[in-house]
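In what follows, a structure is listed as structure tokens, so that the remarks can point back to it.
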Amino acid sequence: MKITIMGHSQQSAVLANVLGYECDVMVATKITTEQYQKIEPCFPRFRKTPTMNNIEVLNALLYVLERGCKWRALPPEFGNWHTVYTRLSRWAKSGVLQEVFMCLQDMGVIHSKMRIMSLDWPA
């Protein structure tokens, strides 16, 4: 999945690449409760009560992408940076983040370009 962050720092592109995306359109800077309710089924269920809810983590990601700040510079109102980073890393590895961005794109909250590549290696 390719996400464009228009007019923002190169660090935003690096972050998107770390999460498994190539950077190319991000329009939302914050997900509303109504928007979150539509994408909530994309997220895995918690085994125990989390310290941060999913909308807080998603909005923290959008803040980092928008501002291009370092994880450790995430403002306190977004919660613990390490909690955000760890959950996003898990979501990226399990495909949750891609599904969420696809749902947000379908809703018109973000605009992204998909780029799928397949490499066939000789046997």
Checked region 55-73 for anything of a type outside the set (A, V, I, L, M, F, W, C) and more than 15 Å from THR33 (Cβ to Cβ); matches are TYR63, GLU66, ARG67, GLY68, LYS70, ARG72
Give me the residue from region 27-43 that is in a loop (DSSP other than H, G, I, E, B) and closer than 15 Å to ASP106 by Cα and, out of that set, modelled with the lowest pLDDT. VAL27
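Residues being surrounded by 19 or more Cβ atoms within 10 Å (Cβ to Cβ) and closer than 19 Å to THR33 by Cβ: count how many of those fall in region 88-108.
Residues flagged as surrounded by 19 or more Cβ atoms within 10 Å (Cβ to Cβ) and closer than 19 Å to THR33 by Cβ within region 88-108 amount to 3.
The values are calculated or read from the model by the stated rules, or taken from the named source; none is laboratory data. What you see is a predicted model; the values in this text were computed from it and never measured. Glycine also receives a Cβ, built like all others from the backbone with ideal geometry; neighbour counts cover every protein chain displayed.
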